[in-house]
1. Examine the stretch 56-66 for a residue that is surrounded by 13 or more Cβ atoms within 10 Å (Cβ to Cβ), under 21 Å from the mean Cα position of the chain (by Cα) and assigned to a loop (DSSP other than H, G, I, E, B), and state whether such a residue exists.
2. May I ask you to say which residue of GLY106, GLY90 is under 30 Å from ALA156 (Cβ atoms), touching a strand residue (DSSP E or B) at 6+ places or on another chain (Cβ under 8 Å) and without any contact (Cβ under 8 Å) to a residue 40 or more places away in the chain?
3. Looking at GLY80, GLY69, which one is assigned by TED's automatic domain parsing to the domain that holds PHE101, within 24 Å of VAL103 (Cα to Cα) and surrounded by fewer than 16 Cβ atoms within 10 Å (Cβ to Cβ)?
4. Could you tell me how many of the residues in the stretch 67-99 are in a loop (DSSP other than H, G, I, E, B), within 17 Å of the chain's Cα centre (by Cα) and of a type in the set (Phe, Trp, Tyr)?
5. Looking at VAL102, VAL46, which is the one that is aliphatic (A, V, I, L, M) and part of a loop (DSSP other than H, G, I, E, B)?
6. Run ALA75 past the list (1) without any contact (Cβ under 8 Å) to a residue 24 or more places away in the chain; (2) on the phi < 0 side of the Ramachandran plot and report the number of the one that doesn't hold.
7. Kindly indicate whether SER16 is without any contact (Cβ under 8 Å) to a residue 12 or more places away in the chain, more than 27 Å from THR6 (Cα to Cα), part of a loop (DSSP other than H, G, I, E, B) and of a type in the set (S, T, N, Q).
8. Could you tell me which of the residues ILE100, ILE4 is surrounded by fewer than 14 Cβ atoms within 10 Å (Cβ to Cβ) and either in contact with a Pro (Cβ under 8 Å, 6 or more places away or on another chain) or aromatic (Phe, Trp, Tyr) (or both)?
Amino acid sequence: MSDISTHLLLPYILASQAQKHVTHNEALRLLDTMVQLSVLDRTRTVPPFSPVDGDQHIVASGATGPWSGWDQNVAFWVDGVKMRLVPRPGWLGWIADEAIFVVWNGSAWDPDGSETLGMLDSVAMGPGRMLVIDHKTGPAPDPKARFASFWPQLAAYADALRLTFPAHQLHGVAIHWMNEGTLSFRPLEPETVA
């Protein structure tokens, strides 16, 4: 019998083993990292200067120093010690600084492996035309930046509507700022999104 599990490679407690708690705690550390995997980023080739317990990163290709040979692995800190996990195909992780999910395909973290599901708030449809309306809470940002933060989401909605209703022209997108009771509108040319 192996001393590690087949899929997650977690250490087993062996029958004649002394200090069983050490093996058990090691398995808990690994589970704490890989279950609901969430990393801060995936662009670093060297560890941060002052890591905090719980920090997790996907090591970028070309890593050097203490991370040399850890390319595309998950580096994490627990109890003041750096550790790593070698990903297995199918692992899903959240990249916090990019706000996307990625899937390990066996050779790379694939940003196309999953989608963050969203629900379109509202569509106004008239004769041959339509308008995307999304609702946001909080204060509206500077008028010049109102669409910048939300453009990927709004563009995805616009693309989906164009595919679903090809006979309707997408007139524009709008954001209803619920706390202020205002509406920001951005007209679209027929091929602005896609």
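1. Yes, that holds for at least one residue.
2. Working: GLY106 fails: touching a strand residue (DSSP E or B) at 6+ places or on another chain (Cβ under 8 Å).
None of the others qualify; the one that does is GLY90.
3. One residue alone meets the criteria, GLY69.
4. Selection size over the stretch 67-99: 1.
5. Numbers: VAL102 fails: part of a loop (DSSP other than H, G, I, E, B).
Result of the check over VAL102, VAL46: VAL46.
6. Going through (1) without any contact (Cβ under 8 Å) to a residue 24 or more places away in the chain; (2) on the phi < 0 side of the Ramachandran plot one by one, ALA75 breaks only (1).
7. Details: without any contact (Cβ under 8 Å) to a residue 12 or more places away in the chain: yes; more than 27 Å from THR6 (Cα to Cα): no; part of a loop (DSSP other than H, G, I, E, B): yes; of a type in the set (S, T, N, Q): yes.
So SER16 fails the test.
8. Working: ILE100 fails: surrounded by fewer than 14 Cβ atoms within 10 Å (Cβ to Cβ).
From the options ILE100, ILE4, the qualifying one is ILE4.
The values are calculated or read from the model by the stated rules, or taken from the named source; none is laboratory data. Small disclaimer: the values here were computed from a predicted structure and weren't measured. Every residue, glycine among them, receives a Cβ derived from its backbone with ideal geometry; neighbour counts consider all protein chains shown.
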